[in-house]
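In what follows, a single structure is set out as structure tokens and then discussed.
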Amino acid sequence: MNTTLDPAAYLACPHCDTLHHSKHLAATERARCARCDTLLIAPRARSFIHVIALSFTAMILMAGAIFFPFLKIDAQGFSNASSVFQAAMAFSDGLLLPLSIGVLAMIVGLPAVRFAALIYVLWPLTHGRPAYRHARTVFRLTEEMQPWAMAEIFIIGTAVALVKVAGLAHVSLGPAFWAFCALIIVTALKNSYMSSWTIWDAIATKKPI
Amino acid sequence: MGRHRHEKAYLTAHDAGLTGCRQCGKVWPKDSTQCGRCGAHLQPVSTASLQRVWACWWAGLFCYIPANAYPMLRTNMLGSESNSTIMGGVIDLVGHHNYGIALIVFVASICIPIAKFIAVAYLALVVGKDKRAGGHPHLVIYEIVEFVGRWSMVDVFVVAILSALVQLGAIASIHPGPAAAAFALSVAFTMISAQSFDPRLIWRGPKVSSPPHD
Ligand SMILES: [Zn+2]
Ligand SMILES: [Zn+2]
């Protein structure tokens, strides 16, 4: 039977390689891998709109998180405020400079680039138009960046830092802190709507020419 | 779904004489080298891919030693300077009765990295053999490692926030120590090591002849 399988009729779970019949689903259906439960196919049009809307929201929140004050401490007449940007730049003197760049990329750069890239890839597809140029490359890079975008981990780090400082000084949370928290929720929602297989399918079938 | 059920036989693309794209899931004939849909390079299922896993594993372990030996934070309180390592920071938190946070830091910075070294080494040693016993538990280990590994970076962010925030002139100031960079590198290398691991190797071995799944 090995010779009779037609590759086009199947999809392999990117996670565990289990072969599934590929088929189009109704608007409310979702397909998960029978073995490892990875989300394989989510309905197309509705999920794309959601992902775009949530990515857009996330970008606005990210801008707020960068430009508004993040945290401020007071102790015995001294006070100091820090933005998210300054937190990343904490390593910027001397040999630790590359770490600063890495941290900035993980908490601000990569998440922002991913949101922009998703909008770029999905926007024409929701309107039934062919994908923009280089959409394949853009989306592949977006997928590869995912584990390195660590905005949610940064917020846990903030919580730990707050507890450490609590005994030492009075801490006040700025708007950027709340923007960052909202960003985490929006990102998680967006991930729940995203199905790579479906996006790949849409990019491939609506290719120009 | 299949996750909690008794382990049963699933046909993989590899078993069926096909190659599945690890990026987008599209299935191609066996000897294809590039995915026609997403453009990703199609790797054959081969233990040769474990070389990169091991290279990054050793690099991560190598960085993990200075990450624990050198100070993560240099704290200056009213003129007296103290250095604290990762473990020192945890002990400090316990001393101040912040048990919950101490547990988070302990788990993220010490338990997860060590468990990850052991788990990746174990997977790299047992998979790709002719037997495929223990496939499902191995997949679970792989998923946990993939999911949890990046959370170790939390301690680097703690150092960044503390160093940026606690700059109160003569009263108190905090600066990052060299261990922060070593620790970040160690986490990054182990992440690459786990990402380089090809989970399809878990299902290599004698073929299973069940029909493809719906
Ligand atoms: Zn699967
Ligand atoms: Zn592909």
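Give me the percent of DSSP beta bridges within the protein assembly as shown that run antiparallel, rounded to the nearest 5. Antiparallel bridges: around 95 percent, rounded to the nearest 5. Using a probe of 1.4 Å on the protein chains alone, the accessible area found for B:H138 is around 20 Å².
Surface listing: A:H170, A:H127 arranged by accessible area from highest to lowest gives A:H170, A:H127, probe 1.4 Å. Per residue of A:150-158, count partner chain C-beta atoms within 10 Å of its C-beta, then hand back the mean as an integer. That average works out to 6.
With q set to 0.08, 0.09, 0.11 Å⁻¹, the log10 of I(q)/I(0) for the protein assembly as shown, from the Debye formula over equal scatterers at the Cα positions, is -0.50, -0.63, -0.90. To the nearest 10, the accessible area of B:S80 is 70 Å² with a 1.4 Å probe. Against the criterion of solvent-accessible heavy-atom surface with a 1.4 angstrom probe, A:S172, B:S163 sort, most first, into A:S172, B:S163.
Accessible area per residue was computed with a 1.4 Å probe on protein heavy atoms; A:F56 scores about 120 Å². In loop segments of segment A:133-209 as defined by DSSP, the trypsin sites (Lys or Arg not before Pro) with at most 12 further C-beta atoms inside 10 Å of their C-beta are A:R133. A straight chain from A:T137 to A:D6 at 0.36 nm per residue would run longer than the Cα-Cα distance by 44.5 nm.
For the protein assembly as shown, what is the calculated [θ] at 222 nm in deg cm²/dmol (nearest 500), taking -39500 (n - 2.57) for each run of four or more DSSP H residues and dividing by its residue count? Intermediate values should be presented prior to the final figure.
Values: 15 runs with 208 residues, N = 423.
Per the formula, -16000 deg cm²/dmol.
Membrane-span-like helices in chain B, defined here as complete DSSP H runs extending at least 18 Å along the helix axis by their C-alpha atoms with mean Kyte-Doolittle hydropathy no lower than 0.0, are B:50-69, B:112-126, B:135-148, B:178-196; this is a sequence and geometry rule, not a statement about a membrane. Note that segment A:161-174 has calculated 3J(HN,Hα) couplings of 4, 4, 5, 5, 7, 3, x, 8, 7, 7, 10, 10, 8, x Hz, one per residue in order, obtained from phi through the Karplus relation 6.51 cos²θ - 1.76 cosθ + 1.60 (θ = phi - 60°); glycine and proline are x. When you filter the trypsin sites (Lys or Arg not before Pro) in segment B:53-129 for DSSP loop state and at most 12 other Cβ atoms inside 10 Å of their Cβ, you are left with B:K129.
The values are calculated or read from the model by the stated rules, or taken from the named source; none is laboratory data. Bear in mind the structure is a predicted one, so any value in this text is a computation, not a measurement. Cβ: placed from backbone, ideal geometry, glycine included. Neighbour counts: every protein chain shown. Quick note on the areas: whole protein, heavy atoms, side chains included, nothing else; ligands and nucleic acids left out. Shrake-Rupley method; radii C 1.70, N 1.55, O 1.52, S 1.80 Å.
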